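Engineer: Below are the structure tokens for one structure; questions will follow.
None of the figures in this text is laboratory data; all of them are computed from the coordinates on show. All values derive from a computational prediction rather than experimental measurement. Virtual Cβ from ideal backbone geometry, glycine too; neighbours counted across all protein chains shown.
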Amino acid sequence: MSDFWDWAVAAYGGEGVADRCLELQDTHGQNVPLVLFAVWAGVRGVALDEETAEAAVDISRAYADTVVVPLRTIRQRMRAVVGDMDDAHREALRTRVKALEIEAERAQMEALSALVGTGAAEPQKTARDNLIAVAKLWARVVPRNPLIAFCDALSERGFLRYNT
């Protein structure tokens, strides 16, 4: 797949990172693959220009609105017991829906990774700047403090160093 996917899976697995991602998603309405992309681009030394940031947000909205959010909604509704539906069957279906949701996010991330190459900018500052840039385009309210805390958490766990 892509360097972005591999980096994102490793970063998401870092202590406390998944919780911060879900807080950005559930509390602040941010798109996790987009947020991870902004940081990853910064790690690669790429400062997102306005056109690239807009393209990243457009790609992310297309996947979120059409596939990811509807699948997530179905998966979350299936957490609870559903009438006369067999629990084992419900859980099996829920697992398949989750796999489709992850597959759609992976496709989104592949499309995002195609937007950038590598650059020479300073990773930590560039990652923060990229996060703020895409957050401004994604939502009316920019959760600066949680975004910076997220970036700091990634930095503390070594995910803001670029290894070629």
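Engineer: Restricting to DSSP loop positions (anything but H, G, I, E, B) with no more than 10 other Cβ atoms inside 10 Å of their own Cβ, which trypsin sites (Lys or Arg not before Pro) remain in region 35-124?
Structural biologist: R79
Engineer: Let me ask something additional. Note the angle between two axes, namely the Cα long axis of helix 123-138 and the longest principal axis of the Cα atoms of the chain, as a number of degrees from 0 to 90, rounded to the nearest 10.
Structural biologist: Roughly 50 degrees, rounded to the nearest 10.
Engineer: Could you give the Stokes-Einstein D for region 3-156 in µm² per second, using the C-alpha Kirkwood radius, 4 °C, 1.567 mPa s?
Structural biologist: The diffusion coefficient I find is 80 µm²/s.
Engineer: Answer with one residue from A153, A80, V17: the one whose Cα lies farthest towards the positive end of the charge dipole of the chain, charges on Cβ with Lys, Arg +1 and Asp, Glu -1.
Structural biologist: A80
Engineer: Further question on the same structure: Among L34, A133, P143, which residue has its Cα positioned farthest towards the positive end of the charge dipole of region 3-156, with +1 placed on the Cβ of Lys and Arg, -1 on the Cβ of Asp and Glu, and the dipole taken about the Cα centre?
Structural biologist: Value computed over the given set: P143.
Engineer: Within 10 Å of each residue's Cβ, count the other Cβ atoms and sort L36, L115 from fewest upward.
Structural biologist: Fewest to most other Cβ atoms nearby, the residues stand as L115, L36.
Engineer: How about region 112-159: which trypsin sites (Lys or Arg not before Pro) there lie in a loop by DSSP and see at most 13 other Cβ atoms within 10 Å?
Structural biologist: R140
Engineer: Right, next: Specify the angular offset, from 0 to 90 degrees and rounded to the nearest 10, of the alpha carbon long axis of helix 144-156 from the longest principal axis of the alpha carbons in the chain.
Structural biologist: That works out to roughly 80 degrees.
Engineer: Still on this structure, please answer the following. Kindly express, to the nearest 10 degrees and within the range 0 to 90, the angle between helix 32-43's C-alpha long axis and the longest C-alpha principal axis of the chain.
Structural biologist: 20
Engineer: Going by how many other Cβ atoms sit within 10 Å of their own, how do M85, M78, M109 line up, fewest first?
Structural biologist: Ascending number of Cβ neighbours within 10 Å: M85, M78, M109.
Engineer: Another one. About the Cα centre of the chain, how large is the charge dipole given +1 on each Lys and Arg Cβ and -1 on each Asp and Glu Cβ? Please answer in debye to the nearest 20.
Structural biologist: Its charge dipole is roughly 240 debye.
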